[in-house]
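Only one structure is covered here, and it is reproduced in the block below.
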Amino acid sequence: MIELNENDITDNVKKSNSMRFLNSFNNIDYAIKTRYNFNRSMGFSEAVRKAVAFNYTIRKYEDELIGYGRLRNAIVHGNDDYVIAEPHIDVVEKIEKIEELLTTPPRALDVAARHDVLSVHCSKSMREVIMLIASSTYSNIPVFNDDNEIIGIANSQKILDAFGKYLLTGGKESSFLDSVKIEDFVSEIENSNYYAFANKEITVEQALALFHQNPKLLAVLITPHGGIKERPLGIITGVDVLKMNKILENY
């Protein structure tokens, strides 16, 4: 008869696919219901379907999560978590990845945001702003006023569209470039729909959710507490969406 000491038992538990699966499953279940204030008695599949509207990761892995709910019921007996089957290691590793994304997601400021936030004062002419965009290669530049408050985003495509419309109505190039201030430009469009503020703790998943919820969003400005008068710590734009998706894929 082979005797197992405490360390052997611990090692065996660590190597158990079923224990790893159930641990991740329970942590995901708890995280979803706690984060969105769902009733603890709510079924796992129902909680997942409800959370899809709020969470990018859950929306992305909705089918897998619902499948894991069925698998959980298949590998345990009754309510006492008595294991009657062992899941494949690939399934275990996948659910552990989803658990990590939901419980300890990466901060956007750490892995996705550009930290060198270039900005421009609202008094600058359109010529100066266009030259700044051309020399910097940045397509979205925050515009601030005398109170150091961000009042809009100077977007290269919108500026080009506005310039073209100005010329089509008979306007002169010099008038648009030198007489129009960037403050006038951003105040003429519903610019608040095109940018958002977030605090430094915003996660990659939460940033992706902002772009998903608002197709018009050009940029998310990250400040210490999400305030409009705080110095930006970083900026995320629409071109970063693909990058953030890859980060979540490889996290």
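F185 - would you say it is in a helix (DSSP H, G or I), in contact with a strand residue (DSSP E or B) (Cβ under 8 Å, 6 or more places away or on another chain), within 24 Å of K124 (Cβ to Cβ) and in contact (Cβ under 8 Å) with a residue 12 or more places away in the chain? Against the criterion (in a helix (DSSP H, G or I), in contact with a strand residue (DSSP E or B) (Cβ under 8 Å, 6 or more places away or on another chain), within 24 Å of K124 (Cβ to Cβ) and in contact (Cβ under 8 Å) with a residue 12 or more places away in the chain), F185 qualifies. Within the stretch 35-64, if we keep just the residues that are within 20 Å of E249 (Cβ to Cβ) and among the polar types (S, T, N, Q), the residue that is surrounded by the fewest Cβ atoms within 10 Å (Cβ to Cβ) turns out to be T57.
Return the only residue of E64, E46 being closer than 19 Å to V91 by Cα and modelled with pLDDT of 95 or more. Talk me through it step by step, then tell me what you get.
On the way: E46 fails: closer than 19 Å to V91 by Cα.
After applying the criteria, what remains is E64.
Conditions (1) surrounded by 18 or more Cβ atoms within 10 Å (Cβ to Cβ); (2) without any contact (Cβ under 8 Å) to a residue 12 or more places away in the chain; (3) more than 25 Å from the chain's Cα centre (by Cα); (4) outside any helix (DSSP H, G or I), marked per residue:
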{"residue": "Y68", "(1), (2), (3), (4)": "yes, no, no, no"}
{"residue": "P105", "(1), (2), (3), (4)": "yes, no, no, yes"}
{"residue": "L109", "(1), (2), (3), (4)": "yes, no, no, no"}
{"residue": "D116", "(1), (2), (3), (4)": "no, yes, no, yes"}
{"residue": "V129", "(1), (2), (3), (4)": "yes, no, yes, no"}
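Would you check which residues across the stretch 131-144 are out of contact with any Leu (no Cβ under 8 Å at 6 or more places or on another chain) and in a loop (DSSP other than H, G, I, E, B) and list them?
Here is the first cut: in the stretch 131-144, the residues out of contact with any Leu (no Cβ under 8 Å at 6 or more places or on another chain) are 131, 133-135, 137, 139, 143-144.
Of everything in the stretch 131-144, those that are out of contact with any Leu (no Cβ under 8 Å at 6 or more places or on another chain) and in a loop (DSSP other than H, G, I, E, B) turn out to be T137, S139.
Here L177 fits the description: touching a residue at least 24 places away in the same chain (Cβ under 8 Å), within 23 Å of K158 (Cβ to Cβ), not in a loop (DSSP other than H, G, I, E, B) and not basic (K, R). Confirm whether K158 is outside the structural domain of R35 (by TED's automatic domain parsing), among the charged types (D, E, K, R), surrounded by 18 or more Cβ atoms within 10 Å (Cβ to Cβ) and more than 19 Å from P106 (Cβ to Cβ). Considered against the rule, which asks whether it is outside the structural domain of R35 (by TED's automatic domain parsing), among the charged types (D, E, K, R), surrounded by 18 or more Cβ atoms within 10 Å (Cβ to Cβ) and more than 19 Å from P106 (Cβ to Cβ), K158 comes out as yes.
The values are calculated or read from the model by the stated rules, or taken from the named source; none is laboratory data. The shown structure was predicted, so the numbers you read here are calculated from the model rather than taken from an experiment. So basically every Cβ, Gly included, is an ideal-geometry build from the backbone, and we count neighbours across all protein chains shown.
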